[in-house]
1. Which condition from (1) modelled with pLDDT under 85; (2) within 28 Å of residue 77 (Cα to Cα); (3) out of contact with any helix residue (DSSP H, G or I) (no Cβ under 7 Å at 6 or more places or on another chain) is the one that residue 288 breaks?
2. In segment 64-74, what count of residues is obtained for those that are crowded, with 24+ Cβ neighbours inside 10 Å and either out of contact with any helix residue (DSSP H, G or I) (no Cβ under 8 Å at 6 or more places or on another chain) or within 21 Å of residue 316 (Cα to Cα) (or both)?
3. Of the residues 356, 313, 361, only one is buried (at least 23 other Cβ atoms within 10 Å of the Cβ) and either under 30 Å from residue 198 (Cα atoms) or at pLDDT below 75 (or both); which?
4. Is there any pair linking a residue in segment 179-200 that is assigned to a strand (DSSP E or B) to one that is surrounded by fewer than 13 Cβ atoms within 10 Å (Cβ to Cβ) and modelled with pLDDT under 85, with Cβ under 9 Å and at least six apart or on different chains, and which?
5. If I ask for residues that are under 21 Å from the mean Cα position of the chain (by Cα) and part of a helix (DSSP H, G or I), which ones from segment 299-311 would you list?
6. Return the residues of segment 149-178 that are outside any strand (DSSP E or B) and crowded, with 23+ Cβ neighbours inside 10 Å; say none if nothing qualifies.
7. If a residue counts only when it is closer than 23 Å to residue 214 by Cβ and touching a residue at least 40 places away in the same chain (Cβ under 8 Å), which strands (runs of 3 or more DSSP E) contained entirely in segment 8-107 have at least 2 such residues?
8. Does residue 237 satisfy the criteria of being over 25 Å from residue 321 (Cβ atoms) and over 24 Å from the mean Cα position of the chain (by Cα)?
């Protein structure tokens, strides 16, 4: 009896982009704008250009990086110019070579505007699905060497998308888990599903996998914060746009303030007394963390001579009361976080004064080394984690090159 074949979706494109974070959006737009038929995959269309950590663009070194992308025709600079709520040029006391633009984004608006751009770009298709497999075929070269030539991708549902190039921008989703103290949730950022199947396919093609670790602090309700005990941080009087194509007059808007406060000895004592409950120090998380974005536990342990550390309270948008607690990412348990944040944010003894909207978490996803293009012909990919997770450590030429390469990925074999 002949076995019945199960039908499945098949489509053909020039380029497949996996992941719709900052890097994925730039790669997809670059390909589509060159006339290449491009499809971009995301686990949720509502997560396009989502900022699950600090909703800002630029900063030290990263500000240069965004402008380099803009010079190549990228979209980040244009998008933040449309959605920022505060803008500031950092390092102005130093020479112009190290001046670095940083803008606080309206988190929801940034994502919505980028999605709008992608949706209205010719030759670009958005698809909500999980890519689970890289499809290859064995090809023999003139010298007799056999290689695996990439021919497409398969989604978890079984659909096959044939293509000439794949750009992997998987971000913090590959076999991701979120940790808060003893609680471990197998999920991607902001409760989105993790990508649990692509890792095995990459391993099967000889790509070395390892794990990274990144974290994000709690979000607090601004109504519960005593701002009178903090220093107001205003934006620049004259805003400089990120994009060279933006009219400078269009970015002269009323801005929202950020606030500066500090940890104290009581904060440090609470952290030291609970280090055994931190997944980072208990050995549960073994991944490499970002170089320039240490957790508050690391700051207290590694800089024990410091009696305080800077904390920036930053709005996540115009239409939300959520405030980002910059400089205080942590993997400590929820009860410890409540105690830890209380003395800094409210200056009061009543716990009800402080409302933590989201507790701080540490994320631990798979990542892959920058070697896939040597193994799988015509496969281009971004090594490491997407968005602020890797760009947050973007102080080196190597990391700046990666960002620029995303804008050009998949367009020249």
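The values are calculated or read from the model by the stated rules, or taken from the named source; none is laboratory data. Computed from a predicted structure; not experimentally measured. Because the Cβ atoms are built from the backbone with ideal geometry, glycine has one as well, and the counts that use them run over all protein chains shown.
1. Answer for residue 288: the failing condition is (2).
2. Residues flagged as crowded, with 24+ Cβ neighbours inside 10 Å and either out of contact with any helix residue (DSSP H, G or I) (no Cβ under 8 Å at 6 or more places or on another chain) or within 21 Å of residue 316 (Cα to Cα) (or both) within segment 64-74 amount to 1.
3. Working: 356 fails: buried (at least 23 other Cβ atoms within 10 Å of the Cβ); 313 fails: either under 30 Å from residue 198 (Cα atoms) or at pLDDT below 75 (or both).
None of the others qualify; the one that does is 361.
4. Every condition considered, the pairs that remain are 185/191.
5. So in segment 299-311, the residues under 21 Å from the mean Cα position of the chain (by Cα) come out as 311.
Listed by number, the list is empty, since nothing qualifies.
6. Let us first name the residues in segment 149-178 that are outside any strand (DSSP E or B), namely 156-159, 163-164, 169-173, 175-177.
Hits for segment 149-178 are 163, 169, 170, 171, 172, 173, 176.
7. Values: elements: 10-12, 15-18, 38-42, 56-58, 84-90, 100-105.
So the answer is 15-18, 38-42, 56-58, 100-105.
8. Values: over 25 Å from residue 321 (Cβ atoms): yes; over 24 Å from the mean Cα position of the chain (by Cα): yes.
So residue 237 passes the test.
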